[in-house]
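Notes to accompany the following structure.
The values are calculated or read from the model by the stated rules, or taken from the named source; none is laboratory data. If you're wondering where the values come from, they're calculated on a predicted model, not measured in any experiment. Neighbour counts are summed over all protein chains in view; Cβ atoms, including those assigned to glycine, are modelled from backbone coordinates with ideal geometry. Calculation scope for accessible area: heavy atoms of the full protein, side chains included, ligands and nucleic acids excluded. Shrake-Rupley method; radii C 1.70, N 1.55, O 1.52, S 1.80 Å.
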Amino acid sequence: MKITDPCGGLISFEGIDGAGKSTQIARACAWLRGHRREVVQTREPGGTPLGEKLRVLLLHDAMHLETEALLMFAARREHLAVCIEPALAAGKWVVTDRFSDATYAYQVGGRGLDADKCRHLEQWVHPHRQPDLTFLFDLDPAIAAARVAKAGAAPDRFEREQLEFFTQVRAAYLARAASAGDRFCVIDAAQSPEAIGAQVDAALSARFAP
Ligand code: TMP
């Protein structure tokens, strides 16, 4: 898809907690706006009033693994209906901090949810929608954990998980990137923010510049 296309596009950012997505999400939004695109910046779980309420539950309340997956997809259904699809239909670009790849990585890879159940939910919730581009910030879980600790905020239910959990999440992300072909742009998140930013800009230019 070229940036001159009238239909907008969906860009997602993925990676384990502490991989450093936030700065680069802001950068990608700035790049798109600099190319005269209207941009909606959003996140999962969340992105809608109901989704943000579900986010609080998901990040702080203990729950069964399948409840967690169902709530992630419930929030996503609302996100698509209220935010993502209307924005795309209006020709806007949507930049989301996480989408369904996160459920494959965290709930299937990290927690051991049956992958078929995840595929089933994905097929139900967004049978015809995938991101046009997904940035995967890949990082050693030990480095990511040190970054989360340094940030100093009280860790949520996911951030409190052990290194082994994040090792599995990382592996699931990489496997998904390997099987999804050129939708993914995998970035070595151990690099400096400037070096990463240059790669983000280059990927956006290569795919979407007029
Ligand atoms: P964030 O800290 O990047 O905003 O994401 C919130 C947490 O939710 C993060 O630890 C990853 C987790 N998560 C899942 O486990 N499954 C999902 O489908 C999504 C979207 C997020």
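Quick notes
- Spans of helices (runs of 4 or more DSSP H) in the stretch 1-117 with at least 1 residues near the ligand (Cβ under 9 Å from one of its atoms) and either in contact (Cβ under 8 Å) with a residue 40 or more places away in the chain or open to solvent by less than 50 Å² (accessible area, probe 1.4 Å) (or both): 21-34, 49-60, 65-79
- Selection over the stretch 153-175 of residues that are in a helix (DSSP H, G or I) and either surrounded by 15 or more Cβ atoms within 10 Å (Cβ to Cβ) or among the aliphatic types (A, V, I, L, M) (or both) gives a count of 12.
- Checking each residue in the stretch 182-210 for being part of a helix (DSSP H, G or I), open to solvent by 50 Å² or more (accessible area, probe 1.4 Å) and acidic (Asp, Glu) picks out ASP182, GLU194.
- Residue match in the stretch 132-155 (condition: closer than 20 Å to ARG111 by Cβ and of a type in the set (Gly, Ala, Ser)): yes
- Within the stretch 114-150, considering residues that are aliphatic (A, V, I, L, M) and in contact with an Asp or Glu (Cβ under 7 Å, 6 or more places away or on another chain), the one farthest from SER12 (Cα to Cα): VAL148
- When PHE184, PHE166 are checked against the criterion of being in contact (Cβ under 8 Å) with a residue 24 or more places away in the chain and touching a Pro at 6+ places or on another chain (Cβ under 6 Å), PHE166 stands alone in meeting it.
- For ARG183, the test of being within 21 Å of VAL94 (Cα to Cα), in contact with a Ser or Thr (Cβ under 8 Å, 6 or more places away or on another chain) and of a type in the set (D, E, K, R) is passed.
- Per-region count, the stretch 64-121, residues more than 22 Å from ARG170 (Cα to Cα) and touching a Lys or Arg at 6+ places or on another chain (Cβ under 6 Å): 1
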